[in-house]
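The values are calculated or read from the model by the stated rules, or taken from the named source; none is laboratory data. All figures in this text were calculated on a predicted structure; none of them were measured in a lab. Positions of Cβ are backbone-derived with ideal geometry, glycine not excepted, and every protein chain shown enters the neighbour counts. Side chains included, ligands, DNA and RNA excluded: accessible areas come from the protein's heavy atoms. Shrake-Rupley method; radii C 1.70, N 1.55, O 1.52, S 1.80 Å.
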Protein chains: 2
Amino acid sequence: MKQSKLYIPTLKQTPSDAEAISHQLMLRAGYIRQVSAGVYAYLPLAWSVIQKIEGLIRKQMKDIDAAEMRMPAILPADLWKESGRYATYGDNLFKFKDRHDRDFILGPTHEETFTSIVKEGLNSYKKLPIAMYQIQMKYRDEDRPRNGLLRGREFIMQDAYSFTSNKEQLDVIFNQMEQAYRNIFDACGLNYRVIIGDAGAMGGTDSKEFSAIADIGEDTIAYSDDSDYSANLEMAASKMDENPVEDKKEMEEVDTPNVHTIDALAQLLKVDASRIMKAVAYIADENPVMVMIRGDYDVNDVKLKNYLGADFLREATNEEVTDVFGSVPGFIGPKGIKEDVKVLYDSSLVGLTNFVVGPNKADRHFINANFEDITDEMPEFRDLRVIKEGETSPDGHGKIQFTRGIEIGHIFKLGTKFSKALGANFLDENGKSNPIIMGSYGIGVSRLLTAIIEQHSDENGIIWPVSLAPYQVHVVPIKYNNDIQGKLSDEIVELLENEGYDVLLDDRKERPGVKFADSDLIGTPIRITVGKKAADEIVELKLRSTGETIEVSKDELVNSVKILLKNQK
Amino acid sequence: MKQSKLYIPTLKQTPSDAEAISHQLMLRAGYIRQVSAGVYAYLPLAWSVIQKIEGLIRKQMKDIDAAEMRMPAILPADLWKESGRYATYGDNLFKFKDRHDRDFILGPTHEETFTSIVKEGLNSYKKLPIAMYQIQMKYRDEDRPRNGLLRGREFIMQDAYSFTSNKEQLDVIFNQMEQAYRNIFDACGLNYRVIIGDAGAMGGTDSKEFSAIADIGEDTIAYSDDSDYSANLEMAASKMDENPVEDKKEMEEVDTPNVHTIDALAQLLKVDASRIMKAVAYIADENPVMVMIRGDYDVNDVKLKNYLGADFLREATNEEVTDVFGSVPGFIGPKGIKEDVKVLYDSSLVGLTNFVVGPNKADRHFINANFEDITDEMPEFRDLRVIKEGETSPDGHGKIQFTRGIEIGHIFKLGTKFSKALGANFLDENGKSNPIIMGSYGIGVSRLLTAIIEQHSDENGIIWPVSLAPYQVHVVPIKYNNDIQGKLSDEIVELLENEGYDVLLDDRKERPGVKFADSDLIGTPIRITVGKKAADEIVELKLRSTGETIEVSKDELVNSVKILLKNQK
């Protein structure tokens, strides 16, 4: 392809509105342009990379007999109302009405649509298992779209769905998908981790998340420095040190006037925050819930929401603490709280003695409290906290470390949530009707560009892995309108294209410096400079990743390119 | 691919809600399912055909150096307000607001978006010409979606845009696109015509439409039976017989009580409708316009709208005829009409004498009128009529015939409408700023399935051209679980797949009759039946298009398939 025919509006300056390196480079190298907040045009270079990723995906899906199809992006709201997600997605859904005043949404994911489409046809165990996928624009009306393609409002997803008659079939496909996704991300040259993910959002029971390591990642990955344990912080567990064993003292009620934070309370009473039992008041699906947790920990909303099976969860307001919980904001505790408040205890409290806790009275606290002082029976403890770096991995091996990751894929064992909600049943071997057991699987295709560039760039631009580069070879004549250089350049392009390579030819009338800078910025793995030695049919090969250069004659060229590209992967 | 892994929900009964053959067959053969009115799921077989069409398009676009990219589907309304099309598209646009109350639309076409994205980069004649395209879901909130994929609300288009610095460059790309489109439609095995189209809708000056011949087509194609002339009826011209020459008589005003139609008037006055000068009152962009036309013709709204350059055109109401035109409904005419009414004369009136015309008085008409009786000066005549079958082709060669067609492609010379509206300018050789000269080009990709199946089917199902068949070969063992048949079937699949063919293997436990019926319905070009002679490695080849069968040994198989597919195209 001649560069003069491609729209590649490179920029000399770093755009001031882009913070992430990947976002800056995609703008500077002429890959994308914003059309509205979180909505991008994929210019020819970006689209070429996207198509190569799609190719990797198609190959892997074919290998596991998953067939491609395509659902609409505009979906009748009814199905989402049936599944309950019309409400739970809330403002994140783009909603609209058609000319006949019927409610529609723009699909952010397609569990409902797939379930409703297959239920007519997959009515017998004989027709299961089956897996299908699509690669499609998805829509989420993000409150704060950011970092270019990282979090957009229109974005490309591969989403796959499996339909099975039993858990063994589900496990098989789930594992095949995991391996297929690993193969895809490996081919993308990504440094990523497969971590325990939050399945709650999908209504499933089990999930794994693929997270590409990157500073701009929105997820915190908690991993063990001495085992395979790896989880999204939202799901991560840990082993804590045990609370110190002490002789139990007598509980007293003391004045703690105007003390509204754990820090202030610890200072006033001269105790460590770890000796305070903190209460956090929530409203979960309109019901009052109080979580007791050690003062030096925070409640993990995702764990709490999943434990409760709640659709909506938020902290209670001061008014609600007063009216619904029957307490006093800042002084809330289990003893004497209204009976319809569900009280949960985090496992950080196991074995805690002689602690500080709120008495549900203004400006007062209990000190030297023990469980028997505040509850009728010993509570059950559950893991509801945000773990901390340095704690012991839950498998007992190694310490927990944190790193940042970009969620690039997620696989879910959905079970029967959607098939039950939408009545998708099959007849089993005994003629009995059962809900289809489902899985869903997704790759953030456009977001992969962000993850890859975050991991593969330098100060001069992008450094594409060979498998994804929009062009593998960039032929840059110093002067294309010089007869000898022009002719040799054309010959080289033809030679390489005949070998199946994607070749970009810089036929523009620009200074060599401009051409070289653009070439580095665009990030093609090999640049071939055709200059003065063209008369002798000698050109220069430059590797984008290392900057190495070698001189090669036309005769050796194809072979050299072949070897260099193979070695780079 | 094993058929058990593909979701192909074939139906035995013809769905009652589908009228068109193509719609019936796509439902029956398990290609598509409706998700909401005019919105379809493309099941694996349909998606495979779509991808093959996309492949044909990509190949042709590559050959003319048009690069693929991708614009968003959700577009800020602002650009469409700037171009004026937010208003002219009216209810056909899907409109919505995001969470911040900003106006968006779902893009039905992308002239505005492309213009706004390239204007930053294509600022010099040195960067022109350039052409780009995308293949994408488009959206139109049709009042009456119908016939399956023929007229949907979400549909797949290939849309291309060219940006050039002068008309010669535009002509070159326009002609290249025309040839590329012809190549694509030829490869689809379509019987189509390239006709003069209505460019007015795009605001351009010149356009050609590609129309596939089909009874369910929504367009009427007018073509000469003895020349190349071919036009959309909306644009079609003709040569009429001349009006008879007569001595002019004296105009009289006569009673025509309660006569409100041309037929009734002709009957009452005992004249032919061709001797009546009919007046049709319009409101064009809020201005009154009256078209005079011979009583036996109808006004062509498209021609009228294009002539006026109007955004909105509709017939006037009776109230408006009274109030705005100052006339009487049913008795309207040019003589004495309000001065601000624009009066136009169709060329059917050239040379008409002694005609009947309305006097703007209730229950009266003029008879034996001549132009000098009703206007101050001889009017200009313009072609504003719907032509009739049997008239002479405008090139003088042959008679006009009508046929029905499906619009499958359209190419437009847009000129500077969008670049002017959105300020997309380039500096020319002399440093002068000019608006970019644009073209736009489109193929109705999903609609092609409708057109192809309308032309390629029989009572048993679809008959795909080899280039588009989801699978070229269908291997159907009588009993797949018979060791010999199963083994031979697997071997055949492998043999053919190694040759690059797409092969479907019917591994289901169904009766042979069911399998054969499904195979015919799906429409793969070659069926290979593996039955009793499997022990001798002999199978039966059946051609879907002709029904011919031959017996072939495994050794001859690849070669036979190769020859048969080549001969079928």
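Across the stretch B:471-568, the relative contact order, built from alpha-carbon pairs under 8 Å that are at least six residues apart, equals 29 percent. Basic side chains Lys and Arg get +1 at the Cβ, acidic Asp and Glu get -1 at the Cβ, and with that the dipole of chain B about its Cα centre reaches some 2120 debye. For the stretch A:318-458, averaging the sequence separation of C-alpha pairs within contact (under 8 Å, six or more residues apart) and dividing by the residue count gives a relative contact order of 15 percent. Rolling a 1.4 Å probe over the protein heavy atoms leaves A:E246 with an accessible area of roughly 70 Å². Give the separation of the Cα centroids, the stretch B:32-51 to the stretch B:322-373, in Å. Spelled out, the Cα-based centre of one part sits 53 Å from the other.
Give the calculated FRET efficiency between A:K361 and A:L313 to the nearest 0.05, with a Förster radius of 30 Å applied to their Cβ-Cβ distance. For A:K361 and A:L313, the calculated efficiency is 0.65. Interface B-A: total buried accessible area of about 5100 Å², 1.4 Å probe, protein heavy atoms only.
Label separation (B:V172 vs A:N175): 6.0 nm, computed from points 7 Å beyond Cα along the C-beta direction. Taking all protein chains together, A:D228, A:D458 sort by accessible area into A:D228, A:D458, largest first [probe 1.4 Å]. Mind checking the mean number of beta-carbon atoms from other chains within 10 Å of the Cβ atoms in A:70-82? That average works out to 5. Between copies, the label points at B:E54 (set 7 angstrom from Cα along Cα-to-Cβ) are spaced 0.3 nm, reported in nanometres from shortest to longest. Running Debye on the protein assembly as shown with equal point scatterers at the Cα sites and no solvent, what base-10 log of I(q)/I(0) appears at q = 0.04, 0.05, 0.06 Å⁻¹? Result of the Debye calculation: -0.30, -0.45, -0.64.
Among chain B residues, the one whose Cβ is nearest the axis of the rotation from B to A, given with its distance rounded to whole Å, is B:F96, 2.
For the stretch A:471-568, the antiparallel share of DSSP beta bridges with both residues in that region comes to about 55%.
Rounded to the nearest 20, the Cβ-based charge dipole of the stretch A:471-568 about its Cα centre (Lys and Arg +1, Asp and Glu -1) stands at 360 debye. With all protein chains in place and ligands, DNA and RNA left out, the 1.4 Å accessible area ranks B:E429, B:E242, A:E120, B:E178 as B:E242, B:E429, A:E120, B:E178, largest first. Given in Å, the Rg to one decimal and the Dmax to the nearest whole number for the Cα atoms of the stretch B:210-286 are 19.0, 52. For the protein assembly as shown, the solvent-accessible area of protein heavy atoms averages 42 Å² per residue (probe radius 1.4 Å; ligands and nucleic acids excluded).
Sorting B:R447, B:R182, A:R385 by accessible area puts them as B:R182, B:R447, A:R385; the probe is 1.4 Å, largest comes first, and only protein heavy atoms count.
Sorted from closest to farthest, the other copies place their A:N243 label points 10.4 nm away, with each point set 7 Å from Cα along Cα→Cβ. Helix A:512-522 and the longest principal axis of the C-alpha atoms of chain A enclose an angle of approximately 40°.
Taken residue by residue and averaged, Cβ atoms of other chains lying within 10 Å of the Cβ of A:40-49 number 5. Placing dummy labels 7 Å off each Cα toward the beta-carbon, the span from B:D536 to B:D428 is 7.9 nm.
One quarter of the convex hull surface, Cα atoms only: what value does that give for the stretch A:459-535 in nm²?
Its average projected convex-hull area is 5.0 nm².
For chain B, the share of DSSP beta bridges that are antiparallel, to the nearest 5, is 80%. For the stretch A:252-382, the gyration tensor built on C-alpha atoms gives a prolate shape. Its axis ratio a/c (a ≥ b ≥ c) is at least 1.5, and a/b is the larger of a/b and b/c. Over all other residues within a Cβ to Cβ distance under 10 Å of B:N360, the charged ones net out to +4, with Lys and Arg as +1 and Asp and Glu as -1. Using the Cα coordinates of the stretch B:8-113, the gyration tensor eigenvalues translate into equivalent-ellipsoid semi-axes of 33, 23, 12 Å, sorted from longest to shortest. Under 12 Å from the 7 Å Cα→Cβ point of B:E218, by amide nitrogen: which residues of the stretch B:436-469? Within reach of a label on B:E218, which here means backbone N under 12 Å from a point 7 Å along Cα→Cβ, the stretch B:436-469 contributes B:447.
Taking every residue in A:55-68 and counting other chain Cβ atoms within 10 Å of its Cβ, the average works out to 2. Across the identical copies, the label point of B:L427 (7 Å from Cα in the Cβ direction) is separated from its matches by 7.7 nm, in order from shortest. Rolling a 1.4 Å probe over the protein heavy atoms leaves B:V324 with an accessible area of roughly 50 Å². Here is the list for the stretch B:61-134: trypsin sites (Lys or Arg not before Pro) lying in DSSP coil, each with at most 16 other C-beta atoms within 10 angstrom of its C-beta, are B:R99, B:R102. Between B:D91 and B:E494, residue separation times 0.36 nm minus the direct Cα-Cα distance comes to 139.8 nm. At a threshold of 20 Å², the residues of the stretch A:141-161 that become less accessible to a 1.4 Å probe in the full protein assembly than in their chain on its own are A:D141, A:D143, A:R153, A:E154. Rounded to the nearest 20, the Cβ-based charge dipole of the stretch B:352-490 about its Cα centre (Lys and Arg +1, Asp and Glu -1) stands at 440 debye. Across chain A, Cα pairs under 8 Å and at least six residues apart give a relative contact order of 17 percent.
Semi-axis lengths, largest first, of the ellipsoid equivalent to chain A are 54, 30, 22 Å, with √(5λ) applied to each eigenvalue of the Cα gyration tensor. With the charge dipole of the protein assembly as shown set up from +1 on Lys and Arg Cβ and -1 on Asp and Glu Cβ about the Cα centre, the Cα lying farthest toward the positive end among the listed residues A:V259, B:L11, A:G423 is that of B:L11.
Computed with a 1.4 Å probe over protein heavy atoms only, the accessible area of B:H260 comes to about 120 Å².
With the Cα gyration tensor of the stretch B:98-244 giving a ≥ b ≥ c as the square roots of its eigenvalues, does the rule (a/c under 1.5 for rounded; else a/b larger than b/c for prolate; else oblate) give rounded, prolate or oblate? Oblate, since a/c reaches 1.5 and b/c is not below a/b.
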